[in-house]
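Here is the structure we will look at.
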Amino acid sequence: MTAEAKKLFEQALARPEQERTALSDALANSILGFHDDHDLSPEWNPEIARRIEAVERGESRVIPGDDVEPCIRETLGRA
């Protein structure tokens, strides 16, 4: 890590947890190629909550993206 990057890291560590989380998400998304120029509309909140609750109750299961991606690529013909 360069001196400049280390300085940025130290500054980030001094920020509140919510800001560090947002920064971490933004950095990860930039590496993974996701570009979220806006937040989800508030209308999505009930659906997101419903899905989280279904997973927590064991009614739904979560499949890791690494497991699903090859199936999606095959389905779309981009293997």
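A short reminder: the numbers here are calculations on the coordinates, not readings from a lab. A quick note: this is a predicted structure, and the numbers were derived from the prediction, not measured. Positions of Cβ are backbone-derived with ideal geometry, glycine not excepted, and every protein chain shown enters the neighbour counts.
Points to keep in mind about this one:
- Relative to the Cα centre, the charge distribution of the stretch 39-79, modelled as +1 at Lys and Arg Cβ and -1 at Asp and Glu Cβ, gives a dipole magnitude of about 120 debye.
- For the stretch 39-79, with +1 on Lys and Arg beta carbons and -1 on Asp and Glu, the positive-most of SER60, PRO70, TRP44 along the dipole: PRO70
- For the chain, with +1 on Lys and Arg beta carbons and -1 on Asp and Glu, the positive-most of ALA22, THR2, GLY33 along the dipole: THR2
- Expressed as a fraction of 2.2 N^0.38 Å, the C-alpha radius of gyration for the chain is 1.52.
- Simple point charges give the picture: +1 on the Cβ of Lys and Arg, -1 on the Cβ of Asp and Glu, and for the chain a dipole about the Cα centre of about 220 debye.
- Highest mobility in the GNM of the chain, judged by mean-square fluctuation with C-alpha springs under 10 Å and restricted to ILE31, ILE48, ILE63, is found for ILE63.
- Point-to-point label distance, GLU19-TRP44, nm (Cα→Cβ direction, 7 Å offset): 2.5 nm
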